[in-house]
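Working notes, beginning with the structure itself.
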Amino acid sequence: MGNSTTPTTDAEEQGGAEVPKRRATAESMATRQREISVSEFFTKNRHLLGFDNPAKALLTTVKEAVDNSLDACEEAGILPAILVEIREVVSASDAAKNARKTQGAKEGQGADEAGEGGAKGASDRSPPGGASRFRVIIEDNGPGIVKPQIPKIFAKLLYGSKFHRLKQSRGQQGIGISAAGLYGQLTTGKPMVITSKTGKGRPAFKIHLRIDTKRNQPDVVSEETVEWAGEHGTRVEIELVAAYRGGRTGVAEYLEQTVVANPHMALTFITPKGERSEFPRVTNDLPREAQEIKPHPRGVELGMLHTMLADSPDKSVKQVLVDDFSRISPAVAQEICQRAKVNPKTPADRVLGDDLERLHHALGEVKVMAPPATAVVPIGEELLIEGLKRRFPRADFYVSTTRPPSVYRGNPFVVEAGLAYGGELPLDELAEIMRFANRVPLQYQPKACAISEAVYQTNWRGYELTQSKGSLPQAPLAIAVHLASVWVPFTSEAKEAVAHYDDLMREMKLAIQECGRKLGAHLRARAHLDRELRRRSLFERYIPEVAGAISSILGMAKDAVEKPFYATLPTFVRGLEKDDDGSPPPPPEGGTPAPAAAAPAKPSPKGPGAAKSPPKTPAAAKSPPKVPDAVTSSAKAPALAKPPPKAPAAARPSPKGLGATKTPPKAPAAARPSPKAPPLVKAPVPKTPAKKEPTAPPRPPARTPKKPGDRQMTLVE
Ligand SMILES: Nc1ncnc2c1ncn2[C@@H]1O[C@H](COP(=O)(O)OP(=O)(O)OP(=O)(O)O)[C@@H](O)[C@H]1O
Ligand SMILES: [Mg+2]
């Protein structure tokens, strides 16, 4: 049968048509087939690890080293103190000069991208346009690294302590720092330099290392013993071709965001210009140690179950379920086996085929407890607010929330969100999103990230903010979302964006909504108070005149008439507010208003002050002030009898400003009777204020009142 179906290249059988000449045989092809070392692979595919352009390469290098330092300190129980220094080695202009000088010499040599040809000769190539050469130095006070491990950690890709465990940490792949070293070596030819000391009285070792990319093995260039002032720690130095940039994706931004998510870290940052910034820690409490867990049965995939069973030939299937999964007790294991119709005593490696499938199915069916919350360590509501205050010290209002633990694909996770609002945050710009995964800021690929998606999908208009559909709210707002998990599902090895798992998206949206609700309540309460104060001051202007008129009619002392007016005023105004809203003023819900916001009588001159103080636009100023009924009926003030237009766009102080969205939803109360009005309004001097109407303070722009049912977002919890 084989012969009859074998395709033939014989020209005759093909009807005499010309057939291509064979270029190679299976045997000749076999001579070229060989293993690819992981270092070689990433040398060609360094973009997969976040080294696709000089600016990103610098950020990734700093990030990998800082993440490692923080992980090591936390694992060892040490409060981290980290130094990040970036020194420019060859300036961009020097590099350009070099490039011109060596132009001729390079011609005909088939110039690769700088350094692409490997370490050899790379050091005398010039960095690509716009880039320069930098030396990145990251020093920590962590536990240090024992000498024999240093070469493998820094000069062997896929070598680390975190990959095989289910424990929350910043690193997880075992590739980060060696990839940074590899990039440095490729672009500058310089070895990385590692210095580490593991304890008091022990020597500090300084080791120069290269990666042998063919073998993915370390090459120790030199080693020596040096002085190290501290008791322990590690210093990593990598020279690389890079570009130092500011902005959203720059190193400074990364460090500032890291500070938000790591309030226990003390950081010193020295820029290439020698500017030094200090970020002292805001808490001396280390985050609780994350508990290492076993895989949770919920969401375990068939292949993984097979591997786990096959790896334990000496155990029964029941024993593997109990020992190797989290939350499976002997009773639950028995139930799983029963449902799967598998004998619990069957040797684990013999469960195959249909048995395996039924077992996998049963794992998803039985009731098991959620994974232990101790496996994930969120930042915590208070510390997240502290972190936000560290980054935005002059915001008006801070709020945060930490969701209860949840599970995706068997991995426990917690989502937290925090908002900083108002104050000196920019009024006319889109809100800023800070994305964090296990306390690490994510700066690239926002569009590909589930966190940004959750922010975009939130209806911020329901929280009194301006938002175009599917976009970010336009408000003086910073939004932080943190995903803490034993395994963060990144969309690539560069760890830039979180994958869109439904369970993650749901929790992210709920966390954002919780914060949004509190912000909305705060803004409504503040608008309410502002309105009340504006009304009070309006009436206060007329009290002396009214009191004067009454005192002259009744022959009483003016003071004696004024006093009860002033005493009744607050209650009276509150009564008017109730009439307008049909409800008492809402108390500010949750959140941490900054002192300025807590004292609404003194609106901040900047930012959300626009929401706090009466709008000053001409359109708003034309709107009549709210006055008592008797006044509105005055023929001398016809404008007052006419209710102001309902929420015309023009009445908004600024289409972009906060006032536009946060002004109170008021119907024109002037035309309505006020049943609860105290005697104050009944005083027989109503026309006086009406004459003064043009000079009266402007009332806030009107807006269609919102009923509770008008909220566009329904929360599902
Ligand atoms: N500063 C340090 N102090 C102590 N140990 C360190 C330090 N830096 C790295 N290590 C150790 O080296 C290992 C390898 O680090 P590397 O950054 O390559 O991988 P990782 O952090 O495990 O995962 P990822 O690739 O996701 O960063 C770490 O797992 C850790 O055990
Ligand atoms: Mg790492």
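The values are calculated or read from the model by the stated rules, or taken from the named source; none is laboratory data. Given the structure is predicted, the values throughout are model-derived calculations rather than measurements. All Cβ positions, even for glycine, are placed from backbone atoms using ideal geometry, and neighbour counts span all protein chains on display.
Right, residue 198: away from ligand 1 (no atom under 16 Å from the Cβ), β-branched (Val, Ile, Thr) and either farther than 15 Å from residue 148 by Cα or surrounded by fewer than 22 Cβ atoms within 10 Å (Cβ to Cβ) (or both) or not? So residue 198 fails the test. Report yes if residue 454 is buried (at least 21 other Cβ atoms within 10 Å of the Cβ), in contact with a Lys or Arg (Cβ under 8 Å, 6 or more places away or on another chain) and aliphatic (A, V, I, L, M), otherwise no. For residue 454, the condition - buried (at least 21 other Cβ atoms within 10 Å of the Cβ), in contact with a Lys or Arg (Cβ under 8 Å, 6 or more places away or on another chain) and aliphatic (A, V, I, L, M) - is met.
Against the conditions (1) near ligand 1 (Cβ under 10 Å from one of its atoms); (2) in contact with a Pro (Cβ under 6 Å, 6 or more places away or on another chain), residue 140 satisfies every one except (2).
Matching residues to (1) part of a helix (DSSP H, G or I); (2) buried (at least 22 other Cβ atoms within 10 Å of the Cβ); (3) not charged (D, E, K, R):
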residue: 399; (1), (2), (3): no, yes, yes
residue: 404; (1), (2), (3): no, no, yes
residue: 412; (1), (2), (3): no, yes, yes
residue: 417; (1), (2), (3): no, yes, yes
residue: 420; (1), (2), (3): no, yes, yes
residue: 424; (1), (2), (3): no, no, no
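Scan region 214-259 for residues that are of a type in the set (A, V, I, L, M) and within 16 Å of ligand 2 (Cβ to nearest atom) and the total you get is 2.
Looking only at residues that are among the small types (Gly, Ala, Ser) and free of Cβ contacts under 8 Å to residues at least 60 places away in the same chain in region 154-177, which one is farthest from ligand 2 (Cβ to nearest atom)? The extreme case among them is 161.
Each row is one residue, and each column tells you yes or no for (1) touching a residue at least 24 places away in the same chain (Cβ under 8 Å); (2) assigned to a strand (DSSP E or B); (3) buried (at least 20 other Cβ atoms within 10 Å of the Cβ).
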position: 461; (1), (2), (3): yes, no, no
position: 469; (1), (2), (3): no, no, no
position: 478; (1), (2), (3): yes, yes, yes
position: 481; (1), (2), (3): yes, yes, yes
position: 492; (1), (2), (3): yes, no, no
position: 495; (1), (2), (3): yes, no, yes
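Taking the stated definitions as given, is residue 262 out of contact with any strand residue (DSSP E or B) (no Cβ under 7 Å at 6 or more places or on another chain), within 16 Å of ligand 2 (Cβ to nearest atom) and touching a residue at least 40 places away in the same chain (Cβ under 8 Å)? Taking the combined requirement at face value, the residue satisfies it. Across region 130-144, the qualifying residues are those that are outside any strand (DSSP E or B) and surrounded by 21 or more Cβ atoms within 10 Å (Cβ to Cβ), and the one among them that is nearest to ligand 2 (Cβ to nearest atom) is 142.
The helices (runs of 4 or more DSSP H) found wholly in region 295-379 and carrying at least 2 residues that are among the small types (Gly, Ala, Ser) occupy 302-310, 330-340, 353-365. Out of all the residues in region 542-552, is one or more assigned by TED's automatic domain parsing to the domain that holds residue 397, among the hydrophobic types (A, V, I, L, M, F, W, C) and surrounded by fewer than 17 Cβ atoms within 10 Å (Cβ to Cβ)? No, region 542-552 has no match at all.
If you go through region 201-214, how many residues are within 24 Å of residue 239 (Cα to Cα) and within 15 Å of ligand 1 (Cβ to nearest atom)? Step through it out loud before you land on a result.
Just the residues of region 201-214 that are within 24 Å of residue 239 (Cα to Cα), to begin with: 204-214.
Filter again for within 15 Å of ligand 1 (Cβ to nearest atom), leaving 204-207, 209, 211.
Matching residues across region 201-214 total 6.
Mind listing whichever residues of region 194-244 are of a type in the set (Val, Ile, Thr) and either closer than 17 Å to residue 139 by Cβ or touching a helix residue (DSSP H, G or I) at 6+ places or on another chain (Cβ under 9 Å) (or both)?
Selection gives 194, 195, 198, 207, 211, 213, 220, 226, 234, 236, 238, 241.
Filtered by the rule that a residue be more than 10 Å from ligand 2 (Cβ to nearest atom) and of a type outside the set (A, V, I, L, M), region 46-73 gives 46, 47, 50, 51, 52, 53, 54, 56, 60, 61, 73. Residue 244 satisfies every condition listed in (1) under 19 Å from residue 62 (Cα atoms); (2) within 16 Å of ligand 1 (Cβ to nearest atom); (3) outside any strand (DSSP E or B) except (2).
For region 222-260, name all the residues that are among the acidic types (Asp, Glu) and surrounded by 20 or more Cβ atoms within 10 Å (Cβ to Cβ). Passing the criteria: 237, 239.
Would you please name the residue that is nearest to ligand 1 (Cβ to nearest atom), looking only at residues in region 152-195 that are among the basic types (Lys, Arg) and outside any helix (DSSP H, G or I)? Ranking the candidates gives 162 first.
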